[in-house]
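Taking it in order: structure first as structure tokens, then the write-up.
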Amino acid sequence: MKLDAKSTIEAGKAILGIELGSTRIKAVLIDQENKPIAQGSHTWENQLVDGLWTYSIEAIWSGLQDCYADLRTNVKNAYGIEIETLAAIGVSAMMHGYMPFNKKEEILVPFRTWRNTNTGRAAAALSELFVYNIPLRWSISHLNQAILDNEAHVNEIDFLTTLAGYVHWQITGEKVLGIGDASGMLPIDPTTNNYSAEMVAKFDKLIASKEYSWKLQDILPKVLSAGENAGVLTPEGSKKLDASGHLKAGIPVCPPEGDAGTGMVATNAVKQRTGNVSAGTSSFSMIVLVKALSPPSEMLDMV
């Protein structure tokens, strides 16, 4: 029997999607037929700190809580009920960037977003080393630039992730990343659905003389494909999202993804020879190729 929107929410059958975009954080509830039944939002802006574009950790969590509170209010106004539990949660966010953490789970430098273009030297060196176009905004470019600049924090890195990966980690305890977002950290080998082992080995050899306390594979999130187990909402995670305390722990959370991948799903452009165009904070097209480009092109990013 098909449930109406109110019954879907009451029965815990609704699914929550959270998107951290460049100018807004959005929360959307959908029913079992993937139709939106409620939404909430929070407006935010990046800040220029020491010449780099960033969002503070405080802004991330206050924004998420305000966004979820707006969703709660809209659900109460529309249906007269509270959100107590859900069938699933998914987090997506602006891709790439640089969020390094130490063993105490403290961020080592402010979140460096995809907008930063200070990584030109690092990206060019990696593109030549990997024989693969490595864009300025990718996480591996940011890491390599920090190494080239001899930044003191690099030796302390215990975990490196993206914005979606960070939020997912904090609400589930799992250091994982969806394969689409992971491909903006380091290229993915389509035969293994994991980071390119060849590129990991080349990078480790490149920086071997630095004698850091880590190897690249040790600090990257585990790569997961859609549908794989990515953990559940913890009691601490539920409090981070819902300050009112109504949302229960134990809800399955899918692998965190990047905004390009969510745009592909939303437009049903996931098969080979299909594509979509996004006109958001930046304008771009995503095309699903039949095979990898050879030779690589600086004009085209492979994710």
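The values are calculated or read from the model by the stated rules, or taken from the named source; none is laboratory data. Nothing here was measured: the structure is a model prediction, and the numbers come from that model. Here the Cβ is made from the backbone with ideal geometry for all residues, glycine too, and neighbour counts use every protein chain on show. When the accessible area is computed, the model is the full protein with side chains, heavy atoms only, and any ligands, DNA or RNA have been set aside. Shrake-Rupley method; radii C 1.70, N 1.55, O 1.52, S 1.80 Å.
Taking the condition of being touching a Leu at 6+ places or on another chain (Cβ under 9 Å) and at negative phi, how many residues in the range 89-106 meet it?
Here the count works out to 12.
Go through the range 184-199 and count every residue that is out of contact with any helix residue (DSSP H, G or I) (no Cβ under 9 Å at 6 or more places or on another chain) and either at pLDDT 95 or above or under 26 Å from residue 233 (Cβ atoms) (or both).
Quick first cut of the range 184-199, residues out of contact with any helix residue (DSSP H, G or I) (no Cβ under 9 Å at 6 or more places or on another chain) only: 190-192.
Filter once more, so that each one left must be either at pLDDT 95 or above or under 26 Å from residue 233 (Cβ atoms) (or both): 192.
Total satisfying the criteria: 1.
Hey, among the residues in the range 177-191 that are aliphatic (A, V, I, L, M) and open to solvent by less than 10 Å² (accessible area, probe 1.4 Å), which one's nearest to residue 242 (Cα to Cα)?
At the first step, the residues of the range 177-191 found to be aliphatic (A, V, I, L, M) are 177, 179, 182, 185-186, 188.
Retained after the next criterion (residues that are open to solvent by less than 10 Å² (accessible area, probe 1.4 Å)): 177, 182, 185-186.
Values: 177: 23, 182: 27, 185: 29, 186: 33 Å.
Filtering first and then ranking leaves 177.
Just name the residue that is nearest to residue 171 (Cα to Cα) out of those in the range 65-90 that are out of contact with any strand residue (DSSP E or B) (no Cβ under 6 Å at 6 or more places or on another chain), open to solvent by 30 Å² or more (accessible area, probe 1.4 Å) and of a type in the set (A, V, I, L, M).
By that ranking, first place goes to 69.
Output the residues belonging to the range 51-88 that are within 24 Å of residue 231 (Cα to Cα) and among the hydrophobic types (A, V, I, L, M, F, W, C).
57, 60, 61, 64, 67, 69, 71, 83, 86, 87, 88
Testing residue 53 on (1) under 30 Å from residue 152 (Cβ atoms); (2) open to solvent by 30 Å² or more (accessible area, probe 1.4 Å); (3) not in a strand (DSSP E or B), one condition comes back false. Which one is that?
In the conditions (1) under 30 Å from residue 152 (Cβ atoms); (2) open to solvent by 30 Å² or more (accessible area, probe 1.4 Å); (3) not in a strand (DSSP E or B), residue 53 misses (3) alone.
If you scan the range 1-50, which residues turn out to be in a loop (DSSP other than H, G, I, E, B), within 18 Å of residue 248 (Cβ to Cβ) and hydrophobic (A, V, I, L, M, F, W, C)?
First pass over the range 1-50, keeping only residues in a loop (DSSP other than H, G, I, E, B): 1-4, 11-14, 21-23, 31-35, 44-46, 50.
Filter again for within 18 Å of residue 248 (Cβ to Cβ), leaving 11-14.
11, 14 - these are the residues of the range 1-50 that are in a loop (DSSP other than H, G, I, E, B), within 18 Å of residue 248 (Cβ to Cβ) and hydrophobic (A, V, I, L, M, F, W, C).
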